[in-house]
Amino acid sequence: MSDALREDPCATDSAGPLASAARPWWRWLFLLPGFAAVGWGVAGLLADDRVPLRPWLTWVVGSALVHDLLLAPLVVLVGALVARVLPGAARPPVVVGLVVSGVLTLVALPFLLDLGTSTEPGFLPLDYGRNLLLLVAGIMSVSTVWAVIATELARRRAAQSG
């Protein structure tokens, strides 16, 4: 058995990850509050006459398509590249750095795209593009240092035990 299979408890489950995710039965009870919240939101959306349903539906479908056709494949591609190129000890720090940078970029995106819809002159007074680049560079620098230290510690542990 390979090292990757020994490290992943779901990979050695004879029933497979889907079957093991279905057990125990009470795990399904956690879905009830989520379904209730979604139902309440949909009921409120349909009951409020002030909500323009066509633009709202366009935004929901568009964001789902952007996620499924652009973001998800990009994340899978980067994950495969990270898994193929980096040693095992360096993967978690790099993945954390990439995820934090990605979420930060998504939060900053409305400010970066400044569509010029605000008439207030001081609404977007900062250089958001530069600031985002500085933050991502800092996050990835910390991630890189963390990955180098983790890799070196793993190498030392392997040398001591072997």
Requested in this report: Would you calculate the separation in nanometres between label points at Leu71 and Thr144, each defined as 7 Å from the Cα along the Cα-to-beta-carbon direction?
Outcome: 2.7
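For the range 52-162, what does the convex hull of the Cα positions come to per residue, in cubic angstrom?
Here the figure is 116 Å³ per residue.
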Report summary line: Projected onto their principal axes, the Cα atoms of the range 20-98 stretch, largest extent first, over whole-Å spans of 55, 37, 18
**Report entry** Distance (nanometres) between label positions extended 7 Å along Cα→Cβ at Val103 and Leu134
**Finding:** 2.3
Query raised in the report: What distance in nm separates the simple spin-label points at Phe111 and Asp127, each placed 7 Å from Cα in the Cβ direction?
Result: 1.4
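Computed from the coordinates by the stated procedures, all read-outs in this text should not be read as laboratory data. All figures in this text were calculated on a predicted structure; none of them were measured in a lab. All Cβ positions, glycine included, derive from the backbone under ideal geometry; neighbour counts span all protein chains shown.
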